[in-house]
1. Taking 7 Å along the Cα-to-C-beta vector as the label spot, tell me the E299-E271 distance in nanometres, rounded to one decimal.
2. Across every pair of different alpha-carbon atoms, what Kirkwood hydrodynamic radius in Å does the chain reach?
3. Which entries in K205/K285; K205/K276; K192/K240; K28/K285; K228/K257 show an alpha-carbon gap greater than 18 Å?
4. Express the accessible area of the chain per residue in Å², computed with a 1.4 Å probe while the remaining protein chains stay in the model.
5. Would you work out the relative contact order for segment 207-280, in percent, from Cα pairs under 8 angstrom that are 6 or more residues apart?
6. For a quick check of your reading of the filter: which GluC sites (Glu not before Pro) in segment 6-63 sit in a DSSP loop and have no more than 12 other Cβ atoms within 10 Å?
7. I want the local charge near L136. Using Cβ-Cβ distances under 15 Å, sum +1 for each Lys or Arg and -1 for each Asp or Glu among the other residues.
8. Can you compute the modelled spin-label distance between A232 and V172, with each label point 7 Å from Cα toward Cβ, in nm?
Amino acid sequence: MARILTGIQSSGVPHLGNILGAILPAIKISKESGNESFFFIADLHSFTSIKEASVRRYNTNAVAAAWVAFGFDTDKNILYRQSKVAEVCELSWYLNCLTPYPMLANAHSFKDKSGKLADVNAGLFTYPVLMAADILLYNANYVPVGKDQIQHLEITRDIALKFNSLYGETFVVPEAITDTQVMIVPGTDGQKMSKSYHNFIDIFKADNELLKDIKSIVTDSLPLEAPKDPEACNVFKIYKLIANDEQINTMRNNYIKGGYGYGHAKKELYELIVSKFATQREEFKFLMSNESALYHILEKGENKAREYAQDTLSVVRKKLGYS
Ligand code: ADP
Ligand code: TRP
């Protein structure tokens, strides 16, 4: 049996890029027989950047609701908020004391962020150690992550190997899974869709707001009659990632033959999102307005995760002479 573990920070409501690039592929892996998945909302990591309590609470609920709405099976697997299994903070401290300072100082993500952000706090610096604790606490075998997280997985492996060599076999040394097939979803301006670029499509927004965002997708200014190149158009690029073959061919032909404007394409993209994700949007809305139903699902996972975490920690404490 393989244990799959991954986390998504609660730093915003998951957008179409997060859904197609991270949530759906992870759910697909979780459905493979023999896999057991631990998926969590990295709400402790989000404190490195988000300081407002109400914002974090909302985002944490939104990430959890998105996992559930997209069909993550919370009976077979474990869904939890990172902060609700506080054992991770204790393990993180032990791992901090085994992590060489230069390894963190040289991490790309830290160097990149510390050059850009006004708030360069120590949490940002030790972020990869908390991430290592997330993974090692549950002895995960595989960790699906985006390319930007590969170095954090290498740090996790180094820390696990160091612990194992000092204190005897304790932790599973995990492997990253980065699906090179996974699409990079473009944003409304054609760059990679990202919270930080404000170019994202939030499919959970109310119909009129969603339509407004889709209308903001940047296109060239060819007139309606002109034949257009579908592959060069941001609307078509997004449509292609969610439509079926027949829908894609129809839109492609419409672009090529002309007499079809970007307004038409945007309306079709909007209608496709609304129909394709109707159930998920409904479920998300329900969970976001019924916090107790959402927390009921999360607490089920948190109780199981905590039990697992306590077992790991009792082994670790013994090895370190704390019990
Ligand atoms: P953001 O860039 O919006 O801050 P995150 O870095 O929080 O997104 O990413 C969370 C997950 O979603 C990661 O696994 C990341 O690889 C994936 N992801 C983010 N943006 C995209 C995108 N545009 N296309 C595909 N996957 C994405
Ligand atoms: N750092 C990851 C990201 O920003 C989120 C994360 C935190 C994570 N802990 C993790 C991912 C453990 C995988 C495993 O995308």
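The values are calculated or read from the model by the stated rules, or taken from the named source; none is laboratory data. This one's a predicted model, so the numbers in the text were calculated from it and none came from an experiment. Please note: Cβ atoms are built from the backbone with ideal geometry, for glycine as well, and neighbour counts cover all protein chains shown. SASA here: full protein model, heavy atoms, side chains in, ligands and nucleic acids out. Shrake-Rupley method; radii C 1.70, N 1.55, O 1.52, S 1.80 Å.
1. Here the modelled spin labels are 4.5 nm apart.
2. In the chain this quantity evaluates to 21.3 Å.
3. K28/K285
4. Accessible area per residue: 48 Å².
5. Over segment 207-280, the number comes to 39 percent.
6. Here the GluC sites (Glu not before Pro) that fit, given the DSSP loop and packing criteria, are E32, E52.
7. -3
8. Here the modelled spin labels are 5.0 nm apart.
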